Amino acid sequence: MDHGTRQDHRQPGVGNPQAPDSVGGPPRYAPPPRRSRLTWLWVLLGVLAVGLVVWLIVSHSGPAGGAHGARGGRGGRGGRFGGLPTAVSTAQVAHGDVPIYMNQLGAVTPLATVKVNSQISGYLQQIAFTEGQMVTKGQFLAQIDPRPYQAALQQQEGALARDQAQLAEAQLDLKRYQTLLAQDSIARQTEESQAATVKQLEGTVKTDQANIAAAKLNLIYCHITSPVTGRVGLRQIDVGNYITPGLTNGLVVVTELTPIDVLFTLPEDNLPQIQGRIHAGAVLPVTAYDRSGATELAEGKLLTLDNQIDPTTGTVQAKARFDNGAGTLFPQQFVNVKILVDTLKNAVVAPTSSVLRGADGLFAYVVQGGTNAHTVAVRAIKTGPVDGDKTAILSGLQPGDVVVTDGSDRLRDGASVILPGDCVPSMPQAGGGAGRRGRHGGGSGAHGGAGARGACPGGQQPAGAPAKVGDNSTQQASTPDQGGENRGPGGKTQAMLAQLDLDADQQLKAQALFTTARGEVVTAAAQAGDDPTARRQAYRQAYDKAFDQLNTILRPDQKAKLVQIRAQMAQHQGGGGHGQGGGQ
């Protein structure tokens, strides 16, 4: 059979377009099998599209940065205002003292807890204390019916009188017998028997005297007093009950509260450091806080350490003593104990918020560059003790370095940043343009604030001040950094702080507070857009919050002075009108 014959016998319609459906029928056309090729083509196009989207996302978001942080956020890419650098808050690294603390959990333990019980049996006649009352040692608490013991005392006194009379008679007979024995008128045995009788009666008298003392002591026990100075608890029995020395709960419990101890444990690894300080004669201050660790309850000192380590926990018990004059510590209360072990003197100190952790370890963003052209560089650091918002820097930073404290989540190595007081391009406004010049010829803006700085050209505004609201704005928020008083970043605020005579630690904290406030103002102004009321409100809120936090680190005299300074400034601003700095 030839090839043509074999082709004619193929299955009709499959691989043979001209094959008939049946014998003698007309031929039917069958299209070539192209469905599988088209499916693969669509899959390939889909993969290419997904890859293109991923490439666009990665190229616009920048590298993750690992230990150097992530760019991310609207601030890192300029957001809606055309590529502005990221607004950050900063602080300056400086020298300072860093205390080294140890934090442990402890339990308040009174020096004495006494269960007052009766030493005799009888009916309870009187209770002379109020539940929860503070009592002193020897103070009357309760009275037991004394009449049975008074009668017993009288009986013993009668027995004593009888035995004393018999003793006196026996002593007289002994003297007569001794005289007769000397005259050889009686036998010696008679005299010796009388002498023994005298000694026997002397012993009986002493027994009677002891019985009288015991009866008097029982009368004293009828009058129950407090064995220690402290606070009485709840009454355990009522008047009229018959009580005995074996009463389970006693009458009441008296607990000594002043002074009072706190027991806690210390890791054995810290013992050499603490013992070294104790042997050097140092007194280690101890502060007790409530369960949350937010409220300070009392201040005391480390009293002693136990004489052995618990092998199951690897800790040793320690005891701290507190005066507790205010009664803030209560027996069996759980407290957080903070021990000042040592103080690192003249260390390099940076804000704790500037210390970041990445894949390669700890690092910080250090601000570099000149006026209005700042970038950040990643600096690997090593840290030492931490005291709240201060961290000791062992290496990587030097005093005078400016580090980023807020906004670091939007940064990467080499990123451009805006510092408070820097001039940045004006943001687009709904009314068109960046605003007109101040009313008194100061600069670009309705208030003339930028002209007072004298550093920002037209079309720009100082970072850390409210964004300009356009030609229709005629009001300015009453804040510490408005108008012509600004002569640099936070000029008026810096002038106020200079009058408060802050120490180095207070200056570092105050700088961080107001730097954060200025950064919040920039962010809030960008979010407010074209709403001048929202911008002014954000401005006031940021600085009110900063001043509230400033009050927490000031001494009482500094607080009073700050109130006086702000009152004077408010009075001055009230008479100066808007845009007062523009014409200066």
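Looking at SER89, SER118 in this structure, which one is modelled with pLDDT under 95, buried (at least 18 other Cβ atoms within 10 Å of the Cβ) and within 30 Å of ILE220 (Cα to Cα)? Reasoning before the result, please.
On the way: SER89 fails: within 30 Å of ILE220 (Cα to Cα).
When all the criteria are applied, what remains is SER118.
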Kindly provide the set of residues from the range 394-412 that are surrounded by 17 or more Cβ atoms within 10 Å (Cβ to Cβ), of a type in the set (Asp, Glu) and at pLDDT below 90, ordered by number.
ASP406
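For the structure I just gave you, tell me whether THR313 is buried (at least 16 other Cβ atoms within 10 Å of the Cβ), out of contact with any strand residue (DSSP E or B) (no Cβ under 6 Å at 6 or more places or on another chain) and modelled with pLDDT of 90 or more. Before the answer, list the steps.
On the way: buried (at least 16 other Cβ atoms within 10 Å of the Cβ): no; out of contact with any strand residue (DSSP E or B) (no Cβ under 6 Å at 6 or more places or on another chain): yes; modelled with pLDDT of 90 or more: yes.
So THR313 fails the test.
State all residues of the range 256-267 that are assigned to a loop (DSSP other than H, G, I, E, B) and either among the β-branched types (Val, Ile, Thr) or exposed (fewer than 14 other Cβ atoms within 10 Å of the Cβ) (or both); if no residue qualifies, say none.
THR258
Here is a yes/no grid of residues against (1) charged (D, E, K, R); (2) part of a loop (DSSP other than H, G, I, E, B):
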| site | (1), (2) |
| --- | --- |
| ASP238 | yes, yes |
| VAL254 | no, no |
| ASP269 | yes, no |
| LEU302 | no, no |
| LYS319 | yes, no |
| ASN324 | no, yes |
Selected residue (only one of ASP323, ASP387 is of a type outside the set (A, V, I, L, M) and within 30 Å of THR255 (Cα to Cα)):
ASP323
Given the structure, is THR244 within 18 Å of ILE144 (Cβ to Cβ) and either modelled with pLDDT under 95 or among the small types (Gly, Ala, Ser) (or both)?
yes
Just the residues that are touching a residue at least 24 places away in the same chain (Cβ under 8 Å), farther than 16 Å from ALA512 by Cβ, among the polar types (S, T, N, Q) and surrounded by 14 or more Cβ atoms within 10 Å (Cβ to Cβ), please, taken from the range 334-393.
ASN336, ASN372, THR375, THR383
Evaluate the range 175-184: report whether one residue or more is outside any helix (DSSP H, G or I), assigned by TED's automatic domain parsing to the domain that holds GLU131 and either over 60 Å from the mean Cα position of the chain (by Cα) or within 13 Å of VAL205 (Cα to Cα) (or both).
yes
Unique residue being surrounded by fewer than 12 Cβ atoms within 10 Å (Cβ to Cβ), closer than 30 Å to GLN139 by Cβ and of a type in the set (A, V, I, L, M) when the list is LEU234, LEU297:
LEU234
Would you check which residues across the range 237-252 are surrounded by fewer than 18 Cβ atoms within 10 Å (Cβ to Cβ) and touching a strand residue (DSSP E or B) at 6+ places or on another chain (Cβ under 6 Å) and list them?
VAL239, ASN241, TYR242, GLY250
Quick check on the range 413-434: of everything there that is surrounded by fewer than 17 Cβ atoms within 10 Å (Cβ to Cβ) and not in a loop (DSSP other than H, G, I, E, B), which residue is modelled with the lowest pLDDT?
PRO425
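Please enumerate the residues belonging to the range 122-161 that are among the hydroxyl-bearing types (Ser, Thr, Tyr) and under 16 Å from VAL239 (Cβ atoms). Show your work before the answer.
Quick first cut of the range 122-161, residues among the hydroxyl-bearing types (Ser, Thr, Tyr) only: 123, 130, 136, 149.
Hits for the range 122-161 are TYR123, THR130.
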Evaluation of PRO146 against (1) farther than 30 Å from LYS216 by Cα; (2) under 60 Å from the mean Cα position of the chain (by Cα) (one fails), failing number
(1)
Among residues belonging to the range 205-231 that are within 30 Å of ALA159 (Cα to Cα) and within 55 Å of the chain's Cα centre (by Cα), point out the one that is surrounded by the most Cβ atoms within 10 Å (Cβ to Cβ).
ILE224
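The values are calculated or read from the model by the stated rules, or taken from the named source; none is laboratory data. Quick caveat: nothing in here was measured; it's all calculated off a predicted structure. Cβ sites come from the backbone with ideal geometry, for glycine too, and all protein chains shown count toward neighbours.
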